[in-house]
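The values are calculated or read from the model by the stated rules, or taken from the named source; none is laboratory data. What you see is a predicted model, and the numbers here were worked out from it, not measured in a lab. Backbone-built Cβ (ideal geometry, glycine too); neighbour counts: all protein chains shown. Areas reflect the complete protein model, heavy atoms only, side chains present, ligands, DNA and RNA absent. Shrake-Rupley method; radii C 1.70, N 1.55, O 1.52, S 1.80 Å.
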Amino acid sequence: VFAYAIFLRKNDRMLCSCIAHTFQWDDEKAEIGYWLAGEAEGKGIASEAVAALEKELFRLGLYRLEIRCDPLNVRSVAVPKRLGYRYEGTLRKDIVEMGQRKDSMVWAKLRVESDS
(Lines give C-alpha, C1' and ligand atoms only; values in the text may rest on other atoms or scores of the structure.)
Protein backbone atom coordinates (compact mmCIF):
# COMPACT_ATOMS: atom_id res chain seq x y z
CA VAL A 1 0.00 0.00 0.00
CA PHE A 2 1.22 3.49 -0.88
CA ALA A 3 -0.51 6.28 1.01
CA TYR A 4 -0.37 10.06 0.98
CA ALA A 5 -2.08 12.36 3.44
CA ILE A 6 -2.47 16.12 3.38
CA PHE A 7 -2.81 17.93 6.69
CA LEU A 8 -3.76 21.48 7.54
CA ARG A 9 -0.67 23.01 9.12
CA LYS A 10 -2.42 25.20 11.70
CA ASN A 11 -4.16 22.31 13.52
CA ASP A 12 -2.84 19.07 11.98
CA ARG A 13 -6.33 18.20 10.71
CA MET A 14 -6.23 15.71 7.85
CA LEU A 15 -7.79 17.15 4.69
CA CYS A 16 -7.11 14.35 2.19
CA SER A 17 -5.84 10.81 1.97
CA CYS A 18 -4.87 9.09 -1.25
CA ILE A 19 -4.00 5.39 -1.31
CA ALA A 20 -2.79 2.89 -3.90
CA HIS A 21 -4.02 -0.61 -3.07
CA THR A 22 -5.10 -3.90 -4.65
CA PHE A 23 -1.70 -4.24 -6.30
CA GLN A 24 -1.32 -6.94 -8.91
CA TRP A 25 2.40 -6.73 -9.64
CA ASP A 26 2.35 -9.53 -12.24
CA ASP A 27 -0.28 -7.63 -14.21
CA GLU A 28 1.37 -4.26 -13.46
CA LYS A 29 -1.78 -2.67 -12.06
CA ALA A 30 -3.26 -1.15 -8.91
CA GLU A 31 -6.28 0.76 -7.71
CA ILE A 32 -6.25 4.30 -6.34
CA GLY A 33 -8.67 5.46 -3.68
CA TYR A 34 -9.10 8.86 -2.06
CA TRP A 35 -10.97 10.57 0.75
CA LEU A 36 -11.49 14.26 1.33
CA ALA A 37 -12.69 16.22 4.38
CA GLY A 38 -15.78 18.30 3.67
CA GLU A 39 -13.92 21.57 4.18
CA ALA A 40 -11.42 20.59 1.46
CA GLU A 41 -13.98 19.75 -1.24
CA GLY A 42 -14.00 21.71 -4.49
CA LYS A 43 -10.42 22.98 -4.19
CA GLY A 44 -8.62 20.49 -6.44
CA ILE A 45 -6.82 18.83 -3.53
CA ALA A 46 -7.97 15.28 -4.35
CA SER A 47 -7.07 15.69 -8.01
CA GLU A 48 -3.62 16.99 -7.12
CA ALA A 49 -3.00 14.12 -4.69
CA VAL A 50 -4.19 11.47 -7.17
CA ALA A 51 -2.04 12.99 -9.94
CA ALA A 52 1.07 12.87 -7.71
CA LEU A 53 0.42 9.26 -6.70
CA GLU A 54 -0.33 8.26 -10.30
CA LYS A 55 2.95 9.72 -11.49
CA GLU A 56 4.89 7.77 -8.86
CA LEU A 57 3.08 4.50 -9.61
CA PHE A 58 3.76 4.76 -13.34
CA ARG A 59 7.40 5.62 -12.56
CA LEU A 60 7.60 2.42 -10.49
CA GLY A 61 6.56 0.42 -13.55
CA LEU A 62 2.83 -0.08 -13.21
CA TYR A 63 0.97 -0.08 -16.52
CA ARG A 64 -2.69 0.29 -15.50
CA LEU A 65 -4.34 2.27 -12.71
CA GLU A 66 -7.99 2.06 -11.75
CA ILE A 67 -10.24 4.35 -9.77
CA ARG A 68 -13.58 3.05 -8.52
CA CYS A 69 -16.16 5.45 -7.14
CA ASP A 70 -19.82 5.82 -6.30
CA PRO A 71 -21.70 7.17 -9.36
CA LEU A 72 -23.87 9.26 -7.03
CA ASN A 73 -20.84 11.10 -5.62
CA VAL A 74 -20.48 13.82 -8.27
CA ARG A 75 -17.28 15.30 -6.81
CA SER A 76 -15.62 11.90 -6.56
CA VAL A 77 -16.53 11.13 -10.18
CA ALA A 78 -15.03 14.46 -11.26
CA VAL A 79 -11.52 13.42 -10.16
CA PRO A 80 -10.87 10.64 -12.72
CA LYS A 81 -12.64 12.69 -15.41
CA ARG A 82 -10.42 15.69 -14.71
CA LEU A 83 -7.26 13.54 -14.79
CA GLY A 84 -8.02 11.86 -18.11
CA TYR A 85 -9.09 8.43 -16.89
CA ARG A 86 -11.45 6.56 -19.18
CA TYR A 87 -14.82 5.34 -17.97
CA GLU A 88 -14.98 1.57 -18.43
CA GLY A 89 -18.32 0.71 -16.86
CA THR A 90 -20.39 0.49 -13.72
CA LEU A 91 -20.38 -2.60 -11.53
CA ARG A 92 -23.86 -3.13 -10.14
CA LYS A 93 -24.18 -3.48 -6.36
CA ASP A 94 -20.45 -4.15 -6.22
CA ILE A 95 -19.67 -2.75 -2.76
CA VAL A 96 -21.32 -2.68 0.64
CA GLU A 97 -21.17 0.62 2.48
CA MET A 98 -22.88 1.07 5.84
CA GLY A 99 -24.96 -2.04 5.22
CA GLN A 100 -26.17 -0.92 1.80
CA ARG A 101 -25.16 -2.40 -1.55
CA LYS A 102 -23.96 0.26 -3.98
CA ASP A 103 -22.80 0.49 -7.56
CA SER A 104 -19.23 1.45 -8.37
CA MET A 105 -17.96 3.14 -11.51
CA VAL A 106 -14.65 1.89 -12.91
CA TRP A 107 -12.23 4.39 -14.46
CA ALA A 108 -8.77 3.47 -15.78
CA LYS A 109 -5.64 5.04 -17.18
CA LEU A 110 -2.75 3.30 -18.91
CA ARG A 111 0.85 4.45 -18.62
CA VAL A 112 0.88 5.18 -22.37
CA GLU A 113 -2.02 7.62 -21.81
CA SER A 114 -0.16 9.47 -19.08
CA ASP A 115 1.89 12.65 -19.28
CA SER A 116 4.54 11.00 -17.08
Residue ID - surrounded by the most Cβ atoms within 10 Å (Cβ to Cβ), chosen from residues in the stretch 62-91 that are among the charged types (D, E, K, R) and within 24 Å of Asp26 (Cα to Cα): Arg68
Quick check on the stretch 5-12. Is at least one of its residues acidic (Asp, Glu), under 23 Å from Arg111 (Cα atoms), without any contact (Cβ under 8 Å) to a residue 12 or more places away in the chain and open to solvent by 70 Å² or more (accessible area, probe 1.4 Å)? no
Select from the stretch 39-83 the residues that are among the polar types (S, T, N, Q) and assigned to a helix (DSSP H, G or I) and write down the one among them that is nearest to Arg101 (Cα to Cα). Ser76
Which pairs do you get when a residue that is acidic (Asp, Glu), found in the stretch 42-65, comes within reach of a residue that is open to solvent by less than 40 Å² (accessible area, probe 1.4 Å), reach meaning Cβ atoms under 8 angstrom, with the pair 6+ apart or on two chains? Glu54/Ile32; Glu54/Leu65; Glu54/Leu83; Glu54/Lys109; Glu54/Ser114
How many residues does the stretch 13-38 hold that are assigned to a strand (DSSP E or B), within 18 Å of Glu113 (Cα to Cα) and open to solvent by 50 Å² or more (accessible area, probe 1.4 Å)? 1
